[in-house]
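One structure is given here, and the rest of the page talks about it.
The values are calculated or read from the model by the stated rules, or taken from the named source; none is laboratory data. No experiment lies behind these values; they were computed from the predicted model shown. As a convention, Cβ positions derive from the backbone with ideal geometry for all residues, glycine included, and neighbour counts pool all protein chains shown.
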Amino acid sequence: MEKQKLYIERELKSNSQSIIWNLISTPEGLSRWIADEVLLNGNALTLTWNKADGHRKTVGAQVVGKAKNRYFRFRWDDETEPEAIIELRMERSEITNDHFLCITDYALPDELDQLEDLWEEDFFRLRQNTGLL
């Protein structure tokens, strides 16, 4: 079964490109909202989550593209579909100058709701840790 695209857009409460870029493209920034620990070695990302039951889950990914103050893209190491790349993009409205965080991710059709729920949890952490949402 082919994966489907999930696109989510959220307005940010910051006009600082450098703050937003740091949150979506650096291990320090990503560990404030996507995972508990993020390591970057070259293009190799390692993301770790501390589970409520005391276990830790670690997943690897590869950075497949980035453009400063625009987007950060990565693919999970176990991903088999070539187009299934996660993109964290920052956009700015030409009219209002407001900044937006745009997420593109992929999942099987019966897993889209669960994936959206995971991103909502990440947005909650971003709001709690930074106040940007």
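Taking region 4-32 only, how many residues are assigned to a loop (DSSP other than H, G, I, E, B) and closer than 22 Å to L47 by Cα? Spell out the reasoning first.
The initial filter retains those residues of region 4-32 that are assigned to a loop (DSSP other than H, G, I, E, B), namely 13-16, 26, 31-32.
Still in the list and also closer than 22 Å to L47 by Cα: 26, 31-32.
Counting residues in region 4-32 that are assigned to a loop (DSSP other than H, G, I, E, B) and closer than 22 Å to L47 by Cα gives 3.
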N41 passes all but one of (1) loosely packed, with under 12 Cβ neighbours inside 10 Å; (2) on the phi > 0 side of the Ramachandran plot; which number fails? (2)
Residues (exposed (fewer than 15 other Cβ atoms within 10 Å of the Cβ) and touching a strand residue (DSSP E or B) at 6+ places or on another chain (Cβ under 6 Å)) located in region 103-115: P109
I'd like the full set of residues that are assigned to a helix (DSSP H, G or I), charged (D, E, K, R) and without any contact (Cβ under 8 Å) to a residue 24 or more places away in the chain, limited to region 80-130. D110, E111, D113, D117, E120, E121, R127
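To keep it simple, each residue is scored yes or no on (1) over 30 Å from K13 (Cβ atoms); (2) out of contact with any Lys or Arg (no Cβ under 6 Å at 6 or more places or on another chain); (3) modelled with pLDDT of 90 or more.
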| site | (1), (2), (3) |
| --- | --- |
| E79 | yes, yes, yes |
| E83 | yes, yes, yes |
| R89 | no, yes, yes |
| I95 | no, yes, no |
| H99 | no, no, yes |
| I103 | no, yes, yes |
| Y106 | no, no, yes |
Of (1) under 14 Å from the mean Cα position of the chain (by Cα); (2) within 17 Å of E9 (Cα to Cα); (3) of a type in the set (S, T, N, Q), T48 fails just (2)
Looking for something under 22 Å from K13 (Cβ atoms) and part of a loop (DSSP other than H, G, I, E, B) - is there at least one such residue anywhere in region 53-68? yes
